[in-house]
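K.L.:
A single structure is presented below for examination.
The values are calculated or read from the model by the stated rules, or taken from the named source; none is laboratory data. Quick caveat, the model's predicted, so the values are computed rather than measured. All Cβ positions, glycine included, derive from the backbone under ideal geometry; neighbour counts span all protein chains shown. To get the accessible areas, we keep the full protein, side chains included, count just its heavy atoms, and leave off ligands, DNA and RNA. Shrake-Rupley method; radii C 1.70, N 1.55, O 1.52, S 1.80 Å.
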Amino acid sequence: MHVSHLSLADFRSYARAEVPLDPGVTAFVGPNGQGKTNLVEAIGYLATLGSHRVSSDAPLVRMGAQRAVVRAAVRQGDRQQLVELELNPGRANRARINRSSQVRPRDVLGIVRTVLFAPEDLALVKGDPGERRKLLDELVTARSPRMAGVRSDYERVLKQRNTLLKSAAMARRHGGRSMDLSTLDVWDQHLARAGAELLAHRLDLIASLLPLADKAYEQLAPGGGPLGLSYRSSAGEAVDAGAARTREELYAALIDALAQVRKQEIERGVTLVGPHRDDVLLRLGELPAKGYASHGESWSYALALRLASYELLRSEGAEPVLILDDVFAELDARRRERLAELVAPAEQVLVTAAVDDDVPDVLAGARFGVSGGEVTRL
C-alpha cells in the first residue's frame with residue numbers, strides 16, 4: 001500500500017498543497033518551521049484520526065480558516081481509493097470515500113495505515129503511561145478498525161460514570177443528601193464489557209509485539225537486550241499474570257475490581273479501574289527501561305517498538321507507510337545507518353529532514369524542498 005497523492009486545504013500552514021507521491025523513499029527537506037512535518041502529520045491523521053503532535057483538532061486548521069481538508073489517493077495493488085477528512089473544530093468532522101459516499105470518520109480507518117517515527121517517541125519509554133496506552137490502542141485499531149467503535153463506547157461510558165461519581169463526591173463533601181447510586185451497577189457492567197474487549201486486544205497485541213520488538217532492538221543495538229513487555233492492569237493480578245484471557249474472564253475481573261474500589265471511587269469522584277488506568281512495563285535486561293535505560297538505549301527501545309509495529313501490520317495485511325519525521329538528526333551515526341537499512345525495503349517511506357545530509361545515502365529517492373509553505377520537487 002502507498003499514498004499516491006496528498007491534497008491539503010487550510011491544514012496547518014498550507015492554504016493549498018498538492019503533492020504527488022511515488023512508492024519508495026520520498027524526503028521532504030527544508031529548514032525547521034517551514035511545514036515539512038505538517039505534510040506527514042496529515043497522512044498520519046488519515047490513518048489514526050489523530051495527530052502525533054497535538055491532542056485536539058483546532059491547531060490543525062490554518063489560522064483564520066473555519067475548517068481543514070485532508071485528502072489522499074491510496075493505492076493497494078490494482079485498487080485505488082480516495083479518502084477525505086474534513087476537520088471542523090467544535091463540530092463533527094466529516095469523511096468521504098471516493099468523493100461520493102459520506103461516512104463516519106472512523107469508517108475510513110484501515111484505508112491508510114502508517115507507522116510513524118518522531119522525536120516524541122522517546123516518551124514511549126520515558127513518559128507517562130498514557131503514551132504507551134496510545135501506542136497500544138492505535139495499533140489495536142490498525143489491526144482491527146472496528147475497535148475504534150469499542151474505544152469510543154468505552155470513553156463514553158467512562159465519561160458518564162465519572163460524572164455520576166463526581167456528583168456523588170460533591171454531595172458528600174458538602175453534607176448534602178446521599179445520591180441514588182443504583183445506576184452505578186449498570187455503568188459498571190457497560191464499562192467492564194467494553195473494557196474487557198479492549199483488554200483482550202491489548203493483551204493479544206503485547207504477546208505478538210514482544211518477539212518482534214526484541215528482534216528489532218537486537219538489530220539496532222546488538223547485544224543490548226533482551227527486551228521485556230508486560231501489561232499492568234488496574235484490575236489486578238488476574239489480568240497481569242495472564243490468567244484471565246477470555247472476554248468473560250476479563251469482564252469478571254473488571255467487575256470484581258470495580259466492586260473492591262467502589263468506596264474509594266465515591267470518595268474521590270473518579271473511576272479507578274479500567275484500561276484507561278493501565279500501563280505497559282518495559283524492561284531492558286532485568287531492569288525497568290524507565291529510569292534505568294540511557295538516552296541511547298531509550299531511543300533504541302522506542303525505535304524497536306515502532307519497527308515491531310511495522311512488521312506486525314505488514315505480516316497481517318497491507319504494508320503500512322513508514323514515516324520518519326526528523327528522526328535521523330536525533331540519532332548517532334551507528335543507529336542512523338542501522339535504522340535506514342531496516343526501513344529502506346518498505347513499499348513507501350516518507351522522511352523529513354532539515355538538510356540533505358540528515359538523510360542516509362541508503363534512502364535515496366525523490367526529494368521535495370519545503371520552504372514558506374511551498375512544496376517543490378527537486
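K.L.:
Search the stretch 119-136 for residues that are within 18 Å of Arg283 (Cβ to Cβ) and pair each with any residue that is part of a helix (DSSP H, G or I) and of a type in the set (Phe, Trp, Tyr) when their beta-carbon atoms are under 6 Å apart and the residues are at least 6 apart or on different chains.
P.N.:
Listed by first residue and then by second, the contacts come to Val125/Tyr301.
K.L.:
Only residues that are crowded, with 21+ Cβ neighbours inside 10 Å and farther than 22 Å from Ser294 by Cβ: list them for the stretch 109-135, please.
P.N.:
Leu109, Val112, Arg113, Thr114, Val115, Leu116
K.L.:
Turning to a different aspect of this structure: Which condition breaks for Val157 when tested against (1) at pLDDT below 90; (2) under 21 Å from Gly269 (Cα atoms)?
P.N.:
Only one criterion in (1) at pLDDT below 90; (2) under 21 Å from Gly269 (Cα atoms) is unmet by Val157, namely (1).
K.L.:
If I ask for residues that are surrounded by fewer than 24 Cβ atoms within 10 Å (Cβ to Cβ) and in contact (Cβ under 8 Å) with a residue 60 or more places away in the chain, which ones from the stretch 326-335 would you list?
P.N.:
Of everything in the stretch 326-335, those that are surrounded by fewer than 24 Cβ atoms within 10 Å (Cβ to Cβ) and in contact (Cβ under 8 Å) with a residue 60 or more places away in the chain turn out to be Asp326, Glu330, Arg335.
K.L.:
Still on this structure: What pairs come out if I take residues in the stretch 8-20 that are on the phi > 0 side of the Ramachandran plot and pair them with residues that are part of a strand (DSSP E or B) and open to solvent by less than 30 Å² (accessible area, probe 1.4 Å) whose C-beta lies under 9 Å away, six or more apart or interchain?
P.N.:
Once the first residue is on the phi > 0 side of the Ramachandran plot and sits in the stretch 8-20, its partners that are part of a strand (DSSP E or B) and open to solvent by less than 30 Å² (accessible area, probe 1.4 Å) give Asp10/Val61; Asp10/Ala68; Asp10/Val69; Asp10/Leu87; Arg12/Val61; Arg12/Ala68.
K.L.:
Going by the conditions given, is Ala95 within 16 Å of Arg12 (Cβ to Cβ), in contact with a helix residue (DSSP H, G or I) (Cβ under 7 Å, 6 or more places away or on another chain) and buried (at least 18 other Cβ atoms within 10 Å of the Cβ)?
P.N.:
No; evaluated as a whole, the condition is false for this residue.
K.L.:
Somewhere in the stretch 364-378, is a residue of a type in the set (Asp, Glu), assigned to a strand (DSSP E or B) and open to solvent by 50 Å² or more (accessible area, probe 1.4 Å)?
P.N.:
Yes, the stretch 364-378 contains a residue that is of a type in the set (Asp, Glu), assigned to a strand (DSSP E or B) and open to solvent by 50 Å² or more (accessible area, probe 1.4 Å).
K.L.:
Would you confirm whether any residue within the stretch 277-290 is β-branched (Val, Ile, Thr) and either open to solvent by less than 60 Å² (accessible area, probe 1.4 Å) or in contact with a Phe, Trp or Tyr (Cβ under 7 Å, 6 or more places away or on another chain) (or both)?
P.N.:
yes
K.L.:
How do the pairs read when you match residues in the stretch 338-351 that are open to solvent by 10 Å² or more (accessible area, probe 1.4 Å) with residues anywhere that are charged (D, E, K, R), using Cβ under 6 Å and keeping only pairs 6 or more apart or on different chains?
P.N.:
Correct list of pairs: Glu347/Glu319.
K.L.:
Does the stretch 103-116 contain any residue that is of a type in the set (A, V, I, L, M), touching a residue at least 12 places away in the same chain (Cβ under 8 Å), closer than 27 Å to Asp361 by Cα and in contact with a Ser or Thr (Cβ under 6 Å, 6 or more places away or on another chain)?
P.N.:
Yes; the residues of the stretch 103-116 include at least one that is of a type in the set (A, V, I, L, M), touching a residue at least 12 places away in the same chain (Cβ under 8 Å), closer than 27 Å to Asp361 by Cα and in contact with a Ser or Thr (Cβ under 6 Å, 6 or more places away or on another chain).
K.L.:
Given Val115, Val74, Val69, which one is among the β-branched types (Val, Ile, Thr), closer than 20 Å to Glu41 by Cα and touching an Asp or Glu at 6+ places or on another chain (Cβ under 8 Å)?
P.N.:
Val69
K.L.:
Would you check if there is a residue in the stretch 220-240 being open to solvent by 20 Å² or more (accessible area, probe 1.4 Å), at pLDDT below 90, hydrophobic (A, V, I, L, M, F, W, C) and within 23 Å of Leu198 (Cβ to Cβ)?
P.N.:
There is at least one residue in the stretch 220-240 that is open to solvent by 20 Å² or more (accessible area, probe 1.4 Å), at pLDDT below 90, hydrophobic (A, V, I, L, M, F, W, C) and within 23 Å of Leu198 (Cβ to Cβ).
K.L.:
State yes or no: is Gly90 on the phi > 0 side of the Ramachandran plot and not β-branched (Val, Ile, Thr)?
P.N.:
In short, yes.
K.L.:
Next up: Quick one: in the stretch 51-81, which of the residues that are surrounded by fewer than 15 Cβ atoms within 10 Å (Cβ to Cβ) and under 22 Å from the mean Cα position of the chain (by Cα) is farthest from Ser152 (Cα to Cα)?
P.N.:
The qualifying residue farthest from Ser152 (Cα to Cα) is Pro59.
K.L.:
How many residues, within the stretch 20-42, are part of a helix (DSSP H, G or I) and of a type in the set (Val, Ile, Thr)?
P.N.:
Counting residues in the stretch 20-42 that are part of a helix (DSSP H, G or I) and of a type in the set (Val, Ile, Thr) gives 2.
K.L.:
Let me ask something else about it. Which residue is farthest from Arg113 (Cα to Cα), if the candidates are limited to the stretch 1-44 and must be among the hydroxyl-bearing types (Ser, Thr, Tyr) and open to solvent by less than 20 Å² (accessible area, probe 1.4 Å)?
P.N.:
Tyr14
K.L.:
Would you tally the residues in the stretch 327-342 being more than 17 Å from Glu297 (Cβ to Cβ) and in contact with a Pro (Cβ under 9 Å, 6 or more places away or on another chain)?
P.N.:
The number of residues fulfilling the criteria is 5.
K.L.:
Is there a residue being part of a helix (DSSP H, G or I), in contact (Cβ under 8 Å) with a residue 60 or more places away in the chain and of a type in the set (Asp, Glu) anywhere in the stretch 271-286?
P.N.:
Among the residues of the stretch 271-286, not one is part of a helix (DSSP H, G or I), in contact (Cβ under 8 Å) with a residue 60 or more places away in the chain and of a type in the set (Asp, Glu), which makes the answer no.
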